1. Pick out the one residue from K6, K58, K90 that is exposed (fewer than 12 other Cβ atoms within 10 Å of the Cβ), closer than 26 Å to L107 by Cα, in contact (Cβ under 8 Å) with a residue 24 or more places away in the chain and of a type outside the set (D, E).
2. Looking only at the range 104-136, how many residues end up being open to solvent by less than 70 Å² (accessible area, probe 1.4 Å), in a helix (DSSP H, G or I) and in contact (Cβ under 8 Å) with a residue 12 or more places away in the chain?
3. So which residues in the range 20-50 are surrounded by 22 or more Cβ atoms within 10 Å (Cβ to Cβ) and within 18 Å of W163 (Cβ to Cβ), if there are any at all?
4. Could you tell me whether the range 70-83 includes any residue that is under 26 Å from N150 (Cβ atoms), crowded, with 18+ Cβ neighbours inside 10 Å and at pLDDT below 95?
5. Could you figure out which of (1) under 16 Å from Q95 (Cβ atoms); (2) assigned to a helix (DSSP H, G or I) isn't true of L64?
6. Only one of N109, N85 is closer than 13 Å to L9 by Cα and not small (G, A, S); which?
7. Within the range 147-166, track down each residue that is part of a helix (DSSP H, G or I) and touching a residue at least 24 places away in the same chain (Cβ under 8 Å).
8. Can you confirm whether Y96 is open to solvent by 20 Å² or more (accessible area, probe 1.4 Å), among the aromatic types (F, W, Y) and assigned to a helix (DSSP H, G or I)?
Amino acid sequence: MINTIKESLWTQFGGSIDMLKNAITLWPDEHWHADKTFFYIAYHSVVFLDYYLTTPAKTFSSPLSFTITKYEDAPREAVDDVIPNKIYSKHEMLQYLEACRQKCHALINNLTEEQLSARWIEKDGNMNYSVLEILLYNMRHIQHHAGQLNMLLRRKINDAPLWVARAKDAL
C-alpha cells in the first residue's frame, strides 16, 4: 500500500510542480521585471514549496534570499510572508524550482509509513501536520498559485499552459 500512496503522491505533486514550471516558462521575458505581481507569486510559490518540503522546518534556508514581513493589519490574524531581496531572473527561479522538484521526488521516494505520520511543525508551532498532510497542503498551495499565474498569462498574452494530468517521470 505504501508504494501506491508514494506513486500517487509523486505523479500528482510532480504534475503540480510541472504546471507551475510551465506557467513561469511561458511568461514573456520582456515582462519579467516589469510585472512584479507575476514575479512575486512565482517566487512565493517556489520558496514555500521548498519550505514545506524541509524537515524539520526550522532548518529551512532558501538560495534566493528574502525578508520576512509581518502584516499586522491582515483581515484575519497577523500573517508572515516572504519578500524577495531582489528580482531574481527567470533562469534563477526555474533552477530553484527544478531543485525543489528533485527534493520533492527524493522525499516522496524515500518515505516510509512511519515518516508519513511523523510531524511537520513550524518553529512557532502555528502549523503542526503529519508529513502526509503537509505534502497535500503543499501540493494544493502550488496548484492554487499555478492557477493565479495562468490567469495572469491569459490577461497578458491571452495564452496559458495546458493542464498537466500527472508527472511524466516515474517515482
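The values are calculated or read from the model by the stated rules, or taken from the named source; none is laboratory data. Nothing here was measured: the structure is a model prediction, and the numbers come from that model. Quick reminder, even Gly has a Cβ in these numbers, built from the backbone with ideal geometry, and neighbours come from all protein chains shown. Protein only, heavy atoms only, side chains kept; ligands, DNA and RNA dropped before computing areas. Shrake-Rupley method; radii C 1.70, N 1.55, O 1.52, S 1.80 Å.
1. Numbers: K6 fails: exposed (fewer than 12 other Cβ atoms within 10 Å of the Cβ); K90 fails: exposed (fewer than 12 other Cβ atoms within 10 Å of the Cβ).
Being exposed (fewer than 12 other Cβ atoms within 10 Å of the Cβ), closer than 26 Å to L107 by Cα, in contact (Cβ under 8 Å) with a residue 24 or more places away in the chain and of a type outside the set (D, E) holds for just one of K6, K58, K90, which is K58.
2. First, pick out the residues of the range 104-136 that are open to solvent by less than 70 Å² (accessible area, probe 1.4 Å): 104-109, 111-112, 116, 118, 120, 122, 125, 127, 129-132, 134-135.
From the residues that got through so far, the ones that are in a helix (DSSP H, G or I) too are 104-109, 116, 131-132, 134-135.
In the following step, the residues that additionally are in contact (Cβ under 8 Å) with a residue 12 or more places away in the chain were identified as 104-105, 107-109, 116, 131-132, 134-135.
Number of matching residues: 10.
3. Passing the criteria: L20, A23, I24, S45.
4. Looking through the range 70-83, at least one residue is under 26 Å from N150 (Cβ atoms), crowded, with 18+ Cβ neighbours inside 10 Å and at pLDDT below 95.
5. (2)
6. On the way: N85 fails: closer than 13 Å to L9 by Cα.
From the options N109, N85, the qualifying one is N109.
7. So in the range 147-166, the residues part of a helix (DSSP H, G or I) come out as 147-157.
The answer is Q148, L149, N150, L152, L153, K156, I157.
8. no
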